[in-house]
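The values are calculated or read from the model by the stated rules, or taken from the named source; none is laboratory data. Note that the structure is predicted; figures quoted are calculated from it, not measured. With ideal geometry, Cβ positions are generated from the backbone for all residues, glycine too; neighbour counts draw on all protein chains shown.
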Amino acid sequence: MRIAIPCEDVRGLDSNVSMHFGRARYFVIADVANGRVVDVKVVELPFADHVPGQIPRFLHSLGVDTVLAYGVGMRARMFFEQLGIRVITGAYGRVRDVLEAFLRGTLVLDLEWEKREEFHRHKHCDHHLW
């Protein structure tokens, strides 16, 4: 499994999860085998601005099959779904802690993230992609 987590800076596992997926410049890419992290790297997006679908396609090109993030817009989630990439939203805190909790099955998510003011300017529908 290859997991991508948008992060605030280049500190990798010691960075915090970026609160808004579309504004993240860096992503931790973690390779997991048999429930254990076997490799971690930080990648910077190769573009300054992006058009819809560009970040999902970039992560797909890196072989990512799971995204752990806090806020991800509906449009981006739809692109990920079309690419066969699982997206888990509401993940917050230090990247290392989020990744470890996810692998243990104890990840606590903020299921109310879409109600935060910073996400109100995005149009959301009431559907969730499962």
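In table form, for the structure just shown:
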read-out	value
Hits in the range 22-34 (condition: assigned to a loop (DSSP other than H, G, I, E, B) and surrounded by fewer than 20 Cβ atoms within 10 Å (Cβ to Cβ))	25, 34
Yes/no for residue 55 being part of a strand (DSSP E or B) and under 13 Å from the mean Cα position of the chain (by Cα)	no
Residue that is surrounded by the most Cβ atoms within 10 Å (Cβ to Cβ) [pool: residues in the range 50-81 that are among the small types (Gly, Ala, Ser) and farther than 23 Å from residue 101 by Cα]	76
Positions within the range 35-49 being closer than 17 Å to residue 7 by Cα and either surrounded by 15 or more Cβ atoms within 10 Å (Cβ to Cβ) or in contact with a strand residue (DSSP E or B) (Cβ under 8 Å, 6 or more places away or on another chain) (or both), in sequence order	39, 40, 41, 42, 43, 44, 45
Given (1) within 21 Å of residue 101 (Cβ to Cβ); (2) over 14 Å from the mean Cα position of the chain (by Cα), number of the condition residue 18 does not satisfy	(2)
Meets criteria (touching a residue at least 12 places away in the same chain (Cβ under 8 Å), closer than 26 Å to residue 116 by Cα and not hydrophobic (A, V, I, L, M, F, W, C)) for residue 35	no
Residue, nearest to residue 29 (Cα to Cα), within the range 83-99, restricted to residues that are in contact (Cβ under 8 Å) with a residue 40 or more places away in the chain and of a type in the set (D, E, K, R)	96
Positions within the range 1-21 being in a helix (DSSP H, G or I) and either of a type in the set (Val, Ile, Thr) or buried (at least 17 other Cβ atoms within 10 Å of the Cβ) (or both), in sequence order	12, 13, 21
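Yes or no, residue by residue, for (1) closer than 17 Å to residue 8 by Cα; (2) at pLDDT below 95; (3) within 14 Å of the chain's Cα centre (by Cα); (4) not in a helix (DSSP H, G or I):
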residue	(1), (2), (3), (4)
60	no, no, yes, no
76	no, yes, yes, no
92	yes, no, yes, yes
100	no, no, no, no
103	no, no, no, no
118	yes, yes, no, no
122	no, yes, no, yes
125	no, yes, no, yes
